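Enquirer: One structure, pasted below without further comment.
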Amino acid sequence: MALTGIEIFKLLPKTNCKECGVPTCLAFAMNLAAGKAELSSCPYVSEEAKAKLSEASAPPIRPLVIGSGDNAVKIGGETVLFRHEKTFVNKPGFALLISDTMPEAEVEGRLRRFKELKYERVGLVLRGEIIAVKNESGDIGKFEALIKKIKGESDAAIIVMSDELEALKAGVAACAERTPLIYAATNDNSEALADLAKEHKCPLAVKADNMEALSLLSDKLTAAGVKDLVLDTGSRTFRKAFEDEVFIRRAALIQKNRSLGFPTITFPCEMTKEPMKEAMIAAAFVAKYAGIIVLSDFQGETLFPLLVERLNIYTDPQRPMMMQQGIYPIGNPTEDSPALITTNFALTYFIVSSEIEASRVPSWLLVMDTEGLSVLTAWAAGKFVGDAIGTFVKKSGITDKVKHRRIVIPGVAAGVSGDLEEELGAGWEVKIGPREAAHLSAYLRMAS
Ligand code: SF4
């Protein structure tokens, strides 16, 4: 059972030192109980109290990782029902289904699409991450060979799927270092799969026909020492599967039901044979509340919108997307190329940089850290003002890259030009760029 705020408070140091960011230990305890604070924020909790508090401070949905290296997929860890309450934490992984009964050319095509369908947006690479490898042939050797091929030819996180225990053992052994998800423990095989999951330290999917049976099986596996579970309610109609997702999320968050406090796996690929309908079902599960979404195939026209939807929903609304502060060369600039400055709000950067690219005038773009604020907001907040910009320009290293001493500032920040010239000192010229980024391309062409 999760502890109440008062029970947590009794275990805290009660010094009200404020180092956790709130004024009192009681306020911190209340936040911890509500899942709005991390226990690690208080540096003074004793080891004994930590042990007792670990349950109360753990996210109501257990976070876990499938895969390894750069393409490891973290799922679970969610603390809210609705994104606007705080934020969603770990985006669901998109899985591409490959069966060992598929012809070789089909397998090759799917592998190729898995590797090629990547999209760069706002400095991020959007892509599917998981391959669900399904044993339908009944041939263990064929299944094992397919898993080895997929492991060798991609960086995918892998789901090893079979109804046969021996096939699962061979499949997991073939990719154990990739930390695959084992699919799936049922009432008939749960002991053997618990042992397999513990032996290879892999997460284990749990499948049952109804919620009660799923809870019981989850408890049984937890008691057997398997901590990382992924829930499959067995529903294969959209309506029932959607209801199950909402039920599990509410049970875990509101009723603090630890039996259902795990991420889920959904199978839109088994709910329809129409690709567009499958994509729409998958889109619903991105919002509510799948941990893994298994698709029958990856096709650009359906995968791309799903990736963008996922990006939008899983971007923290409280933290603007930011670029690293620094100097960005655009189009092989030289020591005579213009130098422009903007803020590190990601959207501002991408609009400005794409306008510079469109101008075909190679340029240096200085991106200043304004904590993710756009130009006008940063100026109003006093973060994009003459002395701050001047200090950044002098330290940025731009004088090693250009022989001129001219800097172009956004037109909406024209008011800072005097202070900036003063801060930069003699020899510098501050030029006022256009107010709208849309006019930047024409401005650069005329100025060059
Ligand atoms: S840091 Fe710890 S001791 Fe200090 S106020 Fe917060 S909870 Fe209390």
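Since every read-out is calculated from the coordinates, none of them should be taken as a lab result. Keep in mind that what you see is a predicted model, and the values were worked out from it rather than measured. Virtual Cβ from ideal backbone geometry, glycine too; neighbours counted across all protein chains shown.
Enquirer: Could you derive backbone 3J(HN,Hα) for the stretch 404-420 from the dihedral phi with the Karplus parameters 6.51, -1.76 and 1.60 (θ = phi - 60°), listing whole Hz in sequence and x where the residue is Gly or Pro?
Expert: 3J(HN,Hα) across the stretch 404-420, in whole Hz: 7, 10, 10, 10, 9, 9, x, x, 5, 9, 4, x, 8, 4, x, 4, 5.
Enquirer: Set the Förster distance to 41 Å, then compute FRET efficiency between Glu166 and Lys256 from the Cβ-Cβ distance, nearest 0.05.
Expert: 0.60
Enquirer: Out of residues 5 or more away from Arg435 or on other chains, whose amide H comes under 5 Å of its own, with H placed 1.01 Å from N in the peptide plane?
Expert: Excluding prolines and chain starts, which carry no amide H, the hits are Gly411.
Enquirer: Then there's this: Expressed as a whole number of Å, what is the distance separating the alpha-carbon centroids of the stretch 195-230 and the stretch 292-320?
Expert: Cα centroid to Cα centroid, the span is 28 Å.
Enquirer: Which of the lysines could a cross-linker span from Lys401 if the Cα-Cα distance has to be under 26 Å and same-chain partners fewer than 8 positions apart are dropped?
Expert: Answer for Lys401, where 26 Å is the Cα cut-off: Lys383, Lys431, listed by chain and number.
Enquirer: In straight Cα distance, which lysines are under 24 Å from Lys240, not counting same-chain residues fewer than 8 positions off?
Expert: Lys91, Lys134, Lys207, Lys256, Lys273, Lys277, Lys288
Enquirer: What range in the chain is the longest one free of chymotrypsin sites (Phe, Trp or Tyr not before Pro) that are in a loop by DSSP and have at most 14 other Cβ atoms within 10 angstrom?
Expert: In short, 83-448.
Enquirer: Here is a follow-up. Over the stretch 326-447, what is the relative contact order in percent, taking alpha-carbon pairs closer than 8 angstrom and at least six residues apart?
Expert: After rounding, I find 30 percent.
Enquirer: Let me ask something additional. Report, in degrees rounded to the nearest 10, the 0 to 90 angle that the Cα long axis of helix 190-200 makes with the longest principal axis of the chain.
Expert: 40
Enquirer: Within 13 Å, Cβ to Cβ, of Val80, how many net charges do the neighbouring residues add up to if Lys/Arg are +1 and Asp/Glu are -1?
Expert: After counting each charged neighbour, the total is +3.
Enquirer: Mind jotting down the distance between the C-alpha centroids of the stretch 379-448 and the stretch 97-167, whole Å?
Expert: After rounding, the separation between the Cα centres reads 50 Å.
Enquirer: Assuming 0.36 nm per residue, please report the length gained on full extension of the stretch Asn16 to Glu309 beyond their Cα-Cα distance.
Expert: Stretched out fully, the Asn16 to Glu309 stretch lengthens by 101.3 nm.
Enquirer: Placing +1 at every Lys and Arg Cβ and -1 at every Asp and Glu Cβ, with all other atoms neutral, what dipole size does the stretch 326-447 have around its Cα centre, in debye to the nearest 20?
Expert: Approximately 260 debye in magnitude.
Enquirer: Okay, helix-only estimate at 222 nm for the chain: each DSSP H run of n ≥ 4 adds -39500 (n - 2.57), divide by all residues, round to 500 deg cm²/dmol; what do you get?
Expert: Dividing the helical sum by the residues of the chain leaves -12000 deg cm²/dmol.
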